[in-house]
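The values are calculated or read from the model by the stated rules, or taken from the named source; none is laboratory data. Just so you know, these numbers come straight off a predicted model, no measurement behind them. Here the Cβ positions follow ideal geometry from the backbone for every residue, glycine too, while neighbour counts run over all protein chains shown.
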Amino acid sequence: MIFNSGRNPSACQSTRLRVQRWIAERLGLSGKTVANYITNILNKLQLADRQKAMRHARDSRRDTS
């Protein structure tokens, strides 16, 4: 889960939805479109969730520096 720092699952879900809404507003898209894009990205990267995607991005950045 994204931003899971010991918080309960409903708090994580709430945070995830707020982030999705923020991204949607910034890009002028609907929240559902952003959710679909995130799902597609995770599927293409063969990652189970956003937390693994963040780790993957961090590790990839280390490999290039």
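What is the number of the single condition among (1) modelled with pLDDT of 85 or more; (2) more than 11 Å from the chain's Cα centre (by Cα) that Asn4 does not meet? All conditions pass for Asn4, except number (1).
Among the conditions (1) surrounded by 15 or more Cβ atoms within 10 Å (Cβ to Cβ); (2) at pLDDT 85 or above; (3) over 10 Å from the mean Cα position of the chain (by Cα); (4) assigned to a helix (DSSP H, G or I), the only one that Arg21 does not satisfy is (1).
Checked against (1) basic (Lys, Arg); (2) surrounded by fewer than 14 Cβ atoms within 10 Å (Cβ to Cβ); (3) modelled with pLDDT under 95, Arg16 passes all but condition (2). For Arg62, the criteria (1) surrounded by 10 or more Cβ atoms within 10 Å (Cβ to Cβ); (2) in a helix (DSSP H, G or I) hold in every case but one, which is (1).
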